[in-house]
Amino acid sequence: MPQLMTFSERSFYLLRFIAGSPLPPEWDWRRRLLHQAIARLGLSVRTEEAVSHISRVMETPGDNDLMFLRHPLADIMHRFRTLIPATLCEHIRLFLCNPEEYKLQGGTENHKLMNAVSGYLTARLWRDWEHSAAVLEHCRLYLDGYFARVVRYGQGEFDSSTYSVLYLNTLATLHDFAGEPLMKRKAGMMLEWYLLNTAGEWLNGHFAGAQSRDYGSTYGPEHPGGGQIAAWLYLGGSVPGLNGGEPHYSAINALSSYRFPEELCRLAADRSEPFLHLESHDLTEAAAPTHDGNETRPAGSPSGLLQGYGYISRTGVRKTTYMHRHYALGSMMDGQEGDIIWSGQMRRWSLKWDSPNPHSVMFVTHPFPDFSPERDPYRAKWQGSSPYEQVLQHNRTLLAVYRIPRGKTYKFGPREPFPSDRDPYLEGFISGTAVLHKIERSGWVFAHGGTVLFGLYFVKPYEWVYDVPRTPDHMIHGRIRSCGLHNGLVVETAAAQSPIDDADAQRAELEAYAGKIIAAARIETAGMTEENGQSPFLAYCTLEGDRLSIQYDGERMINGNLLHESEWPLIGSPFLHSEVGSGTLAVDLGGWKRRYDYLNWTVE
């Protein structure tokens, strides 16, 4: 398929796919029918069927997660009200005009935002509703507070390849129908904050870097999450596979009048030189409320003015992503043991690379469920990151250490009791499709992915675990497992230089790469047996000569210098800069500059 170069081309392609999709699966038919109706009404195709589907949803809206219906219904009533029969409009009005649904207490960040925007727009549309003024003011105050926190201290539900679309499509509805010029401007500037934040880690269809909630851990653009599809709509790149994903959530964005400035799309495409992209998230002011009242503590600020927001971590999150034109290595630091609030859907670190083959992803995790293991196939889904893992990344090298306690039930989860040592090992995902060549030597696994080279080393011995037997004509993905409650690992990466279609040259390149690492590797460990009572310690000297060291619940050092999390920017790269707490964001594309002032809601 040719590249879809413009936003209009991508919008039309996406809307046609959504409008022509078959009936949705039973488990998610209501949400999908509403968004499909939006696509059909927007394209003026099969409009009678679209209206009948809206009516069908309203007949049995269910009683769970109704914010997922409120938002598209509010959008429909503003965008297509003249196409909806009067009796159905009245039915929708009665559904939306319920003040109990706009108290904004409990739930995830995306739930609250959808409810706040739906309440705001409902109150504006039906001014004669007796609760209109109160709901409008309450939702306005929530939105203003939410916006102020995010642009100064980051998100709680940050960089999710799934849920990020719910921020983009909800804000697109607000931008189109806010009615008030200031609220419209706020919605547009918030859309740009989210998209700029994403653009720095966009790898030609890959949602790179660490993520708060990641469902498709082993997939690339071939099976994208809803957030990936929305990001592609605005930022471009390889056309994603839409079958089996959740493209329907982006219908509103494809129809919206909001346009991401074309100049800013260069942020997602300019990979002429490798760079580091840094982010901070899940922070708030020391005296501010935390997420759902979670207990938090100071977040490394010398002045003591910050604390964790408590969505993912009690001390906040600091991200590092090494971006190369062909691959990205990303990770996050999230405090010490006991600071993680919710890790059952988190991806703490991963390597992703640009490849025509599916599953161009590598990561290692200590398996950790979101629910109880009896009803959560967490190992099969490769979801979740253990609260007993801590990492250090420097450019294209990553270290991780693990201290898995015996028989402990973690304070903040999972949602049902789960013994910490049920899975007393680490497991890594090694693609059977995107890894083209692999060699094992001196305790290392080295792999060639066509555009990337990587080496993976476990402190403890490893073994291969395959889900089904391999045959010559059926490559499958491998689980690489390293047993032990105390453990550590090293990941080295480099860009491949050999021709993409020359297998012999690739093998030779991989052999040379492995030889260099083995010759130069200096690995030091301590505390890797639980009997001595020490915390695991791991030090490694990179190919460039940098010495990295990390101690579990201890210091992280780079060339003898202590890593200070309080020095992290909110967003930092050669192109973007925002200091934590500043409320400003500067964009510098080499002669093309833009400055966002989120305190006064202006753009220069």
For this session: Evaluate the distance, in nm, between pseudo-label points positioned 7 Å from the Cα of Glu555 and of Asn243 along their respective Cα→Cβ axes.
Result: 5.6
Exercise. Accessible area per residue, 1.4 Å probe, Å², for the chain: what's the number?
Worked result: 37
Exercise. So what does the Cα-only Debye profile of region 158-299 read at q = 0.10 Å⁻¹, as log10 I(q)/I(0), no solvent term?
Worked result: -0.37
Exercise. In region 467-560, which GluC sites (Glu not before Pro) are in a loop and have at most 16 other Cβ atoms within 10 Å, using DSSP for the loop call?
Worked result: Glu544, Glu555
Problem set entry | Accessible area in the full protein assembly, largest first, 1.4 Å probe, for Cys139, Cys541 | Cys541, Cys139
Exercise. With axes computed from alpha carbons, what is the tilt in degrees of helix 86-96 against the longest principal axis of the chain, rounded to the nearest 10 within 0 to 90?
Worked result: 50
Exercise. Mind checking the angle between helix 29-43 and the chain's longest principal axis? C-alpha axes, 0 to 90 degrees, to the nearest 10.
Worked result: 70
For this session: Please report, in whole Å, how far the alpha carbons of region 380-533 spread along each principal axis, starting with the longest.
Result: 51, 37, 24
For this session: Leaving ligands, DNA and RNA out of it, report the carbon-plus-sulfur percent of the accessible area of the chain at a 1.4 Å probe.
Result: 51
Seminar exercise, completed: With +1 on the Cβ of every Lys and Arg and -1 on the Cβ of every Asp and Glu, the dipole magnitude of region 537-583 about its Cα centre, in debye rounded to the nearest 20, is 80
Problem set entry | Over region 46-122, volume per residue of the alpha carbon convex hull, in Å³ | 89
Exercise. Where does each of 181-190, 591-600, 337-346 land if you order them by average Cβ count within 10 Å, highest first?
Worked result: 337-346, 181-190, 591-600
Problem set entry | Rg(Cα) / (2.2 N^0.38 Å) computed for region 1-158, rounded to two decimals | 1.13
Problem set entry | Cα-based convex hull volume of the chain per residue, rounded to whole Å³ | 158
Exercise. So how do 77-83, 545-551, 311-317 stack up, highest first, on mean other-Cβ count within 10 Å?
Worked result: 311-317, 545-551, 77-83
Seminar exercise, completed: region 31-53 and region 511-533 have their Cα centres apart by a whole-number Å value of 58
Exercise. Is there a pair in Lys103/Lys184; Lys352/Lys381; Lys103/Lys411 whose C-alpha atoms are over 24 Å apart, and which pairs would that be?
Worked result: Lys103/Lys411
Exercise. With contacts defined as alpha carbon pairs under 8 Å and 6 or more residues apart, what's the relative contact order of region 315-457 in percent?
Worked result: 23
Problem set entry | Among Ser272, Leu305, Leu88 the positive-end extreme of the charge dipole of the chain (Cβ point charges) | Leu88
Seminar exercise, completed: Measuring from the longest principal axis of the C-alpha atoms of the chain, the long axis of helix 503-520 (C-alpha) lies at a number of degrees, nearest 10, equal to 60
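The values are calculated or read from the model by the stated rules, or taken from the named source; none is laboratory data. This structure is a prediction, so every number in the text was calculated from the model and none was measured. With ideal geometry, Cβ positions are generated from the backbone for all residues, glycine too; neighbour counts draw on all protein chains shown. Accessible surface is based on the protein model in full, side chains and every heavy atom, while ligands, DNA and RNA are left aside. Shrake-Rupley method; radii C 1.70, N 1.55, O 1.52, S 1.80 Å.
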